[in-house]
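Asks: Quick one: the structure is below, questions incoming.
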Amino acid sequence: MNATSAGPTAPDQGRIVLLTTSHRVAPGLLSWPAWQALRTADRVLCADGAHPQLPYLREAGIRVDEAAPTAEELVDACAGGRTAVVVATGEGDPALTDGLARLAGSGRVHMPELELLPASYDLPGARLLDLVQVMNRIRLECPWSSRRTHQGLAKYAIEEAYELVEAIEDGDRDELREELGDVLLQVVFHARIAEEDPDAPFSVDDVAGTIVDKLVHRHPHVFGDETAETPEEVREHWLRTKAAEKQRTSVTEGVPLGQPGLALAAKLHSRVRTAGLDVPLPTGEGIGYDLLALAARAEAGGTDPEAALRAAARAYRDAIRAVEG
């Protein structure tokens, strides 16, 4: 992206290139325009002597001066048609860019051509690396976070999941984004704690690798030679590969008994129905058996009984508030 100054420009005033890089991309992995600018520059400067790019630039034969010139000095260095490339620091060198803006706005200086050149871009998901780094520091330095255990954090995972569901049902996009972050934090937090286990440690990379392998294996119609044209065929692939992975002796294995009652009943009924088993619902006295039958009926009809009951409860809440005025 070229950003020519508002001030008068003379042909022999040269060119200033502000080179920005992402700390989330491995040093040395620069774009071809960036390498061209670096190789053809009359002078390359960087105010940060510990900048992670410097060893790779020097290895490529590019001389880098460790200097923090003022805007005036940099403009003077470009006189006569020379090109100066400034390798921006992590903070972005605001003093220099502000100074250049002031000079350009004054109208009294023949400004060089000014160009902002991104040398590397973040890939999708790059901010996850920031989250891992922040979590690592918090785990090391925060008196509260450094003492947390999997057991102590378990309740927060449940709470955050419910808050996420509420944001989805409310249709609040800002709230949804925030609650997704809170759920993601639980995953990263638990993975960071797991690194410290003396017997069976694993990291967030292991967690991500496990789910990547699982997704690839359970989507042979995407990553393999099988085909699936409908959601039903995709589900068949998923169930077949999952059954081969788990080698379960009962359809009830893997169903957490600690989940809400209606969800538990619906999940059990779904497992029975999917497996083609003929298991009559137990009968007995009391509301529990009535609710079990309702949950099974809802699941068979494609309705999530938990969501349905929440929707009814929300309507009840609204009615209460209306009466309260």
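The values are calculated or read from the model by the stated rules, or taken from the named source; none is laboratory data. What you see is a predicted model, and the numbers here were worked out from it, not measured in a lab. Because the Cβ atoms are built from the backbone with ideal geometry, glycine has one as well, and the counts that use them run over all protein chains shown. Calculation scope for accessible area: heavy atoms of the full protein, side chains included, ligands and nucleic acids excluded. Shrake-Rupley method; radii C 1.70, N 1.55, O 1.52, S 1.80 Å.
Asks: Ile16 passes all but one of (1) over 25 Å from the mean Cα position of the chain (by Cα); (2) open to solvent by 10 Å² or more (accessible area, probe 1.4 Å); which number fails?
Replies: For Ile16, the failing item is (2).
Asks: Separate question: Find the residue count for the range 267-305, including only residues that are surrounded by 12 or more Cβ atoms within 10 Å (Cβ to Cβ), charged (D, E, K, R) and more than 24 Å from Glu232 (Cβ to Cβ).
Replies: Selection size over the range 267-305: 0.
Asks: Check whether at least one residue in the range 235-250 is assigned to a helix (DSSP H, G or I), open to solvent by less than 50 Å² (accessible area, probe 1.4 Å) and not β-branched (Val, Ile, Thr), and report yes or no.
Replies: For the range 235-250, residues assigned to a helix (DSSP H, G or I), open to solvent by less than 50 Å² (accessible area, probe 1.4 Å) and not β-branched (Val, Ile, Thr): present.
Asks: Could you grab me the full set of residues in the range 99-132 that are closer than 23 Å to Ala47 by Cβ and free of Cβ contacts under 8 Å to residues at least 12 places away in the same chain?
Replies: Answer for the range 99-132, where residues must be closer than 23 Å to Ala47 by Cβ and free of Cβ contacts under 8 Å to residues at least 12 places away in the same chain: just Ala101.
Asks: Counting only residues that are among the β-branched types (Val, Ile, Thr) and open to solvent by 70 Å² or more (accessible area, probe 1.4 Å), how many does the range 28-48 have?
Replies: So the count comes out to 1.
Asks: Which of the residues spanning the range 186-242 are free of Cβ contacts under 8 Å to residues at least 12 places away in the same chain and of a type in the set (Val, Ile, Thr)?
Replies: Thr210, Ile211, Val212, Val216, Val222, Thr227, Thr230, listed by residue number.
Asks: Scan the range 254-266 and report the pairs whose first residue is open to solvent by less than 20 Å² (accessible area, probe 1.4 Å) and whose second residue is part of a loop (DSSP other than H, G, I, E, B), with Cβ atoms within less than 9 Å and a gap of 6+ or a chain change.
Replies: Ala266/Thr303; Ala266/Asp304
Asks: Sticking with this structure for a sec: Would you check if Asp130 is over 25 Å from the mean Cα position of the chain (by Cα) and open to solvent by less than 90 Å² (accessible area, probe 1.4 Å)?
Replies: no
Asks: Considering only residues that are within 39 Å of the chain's Cα centre (by Cα) and either at pLDDT 95 or above or not small (Gly, Ala, Ser) (or both), which ones fall in the range 267-291?
Replies: Across the range 267-291, the qualifying residues are Lys267, Leu268, His269, Arg271, Val272, Arg273, Thr274.
Asks: Okay, moving on. Mind listing whichever residues of the range 280-325 are part of a loop (DSSP other than H, G, I, E, B) and aliphatic (A, V, I, L, M)?
Replies: Leu281
Asks: Can you list the helices (runs of 4 or more DSSP H) lying wholly within the range 31-100 that have 3 or more residues being within 20 Å of Ser120 (Cα to Cα)?
Replies: Once the helices (runs of 4 or more DSSP H) in the range 31-100 are filtered for at least 3 residues that are within 20 Å of Ser120 (Cα to Cα), what remains is 32-40, 54-59.
Asks: Then there's this: Quick check: is even one residue across the range 104-113 among the basic types (Lys, Arg) and open to solvent by less than 50 Å² (accessible area, probe 1.4 Å)?
Replies: No, because not a single residue in the range 104-113 is among the basic types (Lys, Arg) and open to solvent by less than 50 Å² (accessible area, probe 1.4 Å).
Asks: Within the range 107-119, how many residues are under 20 Å from Ala84 (Cβ atoms) and out of contact with any helix residue (DSSP H, G or I) (no Cβ under 7 Å at 6 or more places or on another chain)?
Replies: Qualifying residue count for the region: 4.
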